[in-house]
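Following: one structure in structure tokens, then a few remarks.
The values are calculated or read from the model by the stated rules, or taken from the named source; none is laboratory data. Here the structure is a predicted model, which means the values were calculated and not measured. Backbone-built Cβ (ideal geometry, glycine too); neighbour counts: all protein chains shown. Protein only, heavy atoms only, side chains kept; ligands, DNA and RNA dropped before computing areas. Shrake-Rupley method; radii C 1.70, N 1.55, O 1.52, S 1.80 Å.
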Amino acid sequence: LRTFFTWCEAHDHLARSPLAHLSKPHREKSRERVLTDDELARVWRASEELGTFGKIVRLLILTAQRKSEIAELHPSYFHDGLIIWPSSVTKNGREHTLPASPAVHALAAELAAIVAAKPFTTWSKPKIELDRLSGVTDWTLHDLRRTTATGMAKLGIAPHVVERILNHASGTFAGVAGIYNRFRYVDEMRA
């Protein structure tokens, strides 16, 4: 609501936002949930029974990308073993290049053909079914991103490579390093 009322102010629909001096009721706490290897395996197996939603879940696990970026894959994003999201669809507004193994490429291309014809918008019901089938509860789809990033760190993948895979603009690539270091680390991400 705050964003909406601020927009209304900026476009002269309101003289002043009714929420202008309202503070947040509590400080937002960052989630910390990381699925165990067993939970991740159960989610993977259960996802195989869930059609388009299941394909999205498996790609979230395999790529550590944001759910919106996976659910909006388009056939035009595929180039010689790479998936390249244009800046117009990424959260940080930066083009994102991700190397794709043949298995990831095949699954992503299959999903892209489906969602290009009929966008995926139904999240809650299939997630409830995924929880029921897998027996894994108290987690969100975004937790898969954290789980995969944590797994990469556990495997010894350098933090700057994990950040490139996640398409993060903060951390290693914030500030001066982000301005001057334009190396894409594609081979490192592929490995």
Q: Return the long-range amide H neighbours of residue 82 (sequence gap of 5 or more, or a different chain), with a cut-off of under 5 Å between placed amide H atoms.
A: 100
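Over the range 62-191, with every protein chain in place, what whole percent of the accessible area is carbon and sulfur at 1.4 Å, could you tell me? Don't jump to the answer; show the numbers that get you there.
Values: 4140 of 7040 Å².
Heavy-atom surface of the range 62-191 belonging to carbon and sulfur, 1.4 Å probe: 59 percent.
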Q.
Full-extension gain between residue 137 and residue 187, please, as 0.36 nm times their residue separation minus the C-alpha to C-alpha distance.
A. 14.4 nm
Q | Tilt relative to the chain, helix 102-117 - C-alpha long axis, 0 to 90 degrees, to 10 | A | 50
**Q.** Cut-off 19 Å, label 7 Å out along Cα→Cβ of residue 3, residues of the range 72-106 by amide N
**A.** 72, 87-94
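Any chance you could run the full-extension gain for residue 12 through residue 36? It's 0.36 nm times the residue separation minus the Cα-Cα distance, nm to one decimal.
Working: separation 24, 0.36 × 24 = 8.64 nm, distance 5.04 nm.
Contour length minus Cα-Cα distance gives 3.6 nm.
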Q) Hey, what angle do you get for helix 51-63 against the long axis of the chain, alpha-carbon based, 0 to 90 degrees rounded to 10? A) 90
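Rounded if a/c is under 1.5, else prolate if a/b beats b/c, else oblate: with a ≥ b ≥ c from the C-alpha gyration tensor eigenvalues square-rooted, which is the range 1-103? Mind showing how you got there, number by number?
Numbers: a/c = 3.00, a/b = 1.68, b/c = 1.79.
Judged from the Cα gyration tensor, the range 1-103 comes out oblate (a/c at least 1.5, b/c at or above a/b).
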Q. Stretched out fully, how many nm does the piece from residue 92 to residue 157 gain, at 0.36 nm a residue minus the Cα gap?
A. 21.1 nm
Q.
For the range 79-166, what does the accessible surface come to per residue with a 1.4 Å probe? Please give it in Å².
A. 52
Q | Apportionment of accessible area to carbon and sulfur, the range 1-48, percent (1.4 Å) | A | 55
Q.
Please compare each pair in 24/154; 55/118; 67/127 to a cut-off of 24 Å on the Cα-Cα distance and tell me which ones are over it.
A. 24/154
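I want the local charge near residue 5. Using Cβ-Cβ distances under 15 Å, sum +1 for each Lys or Arg and -1 for each Asp or Glu among the other residues. Intermediate values should be presented prior to the final figure.
Details: positive: 2, 16, 24; negative: 9, 12.
It works out to a net charge of +1.
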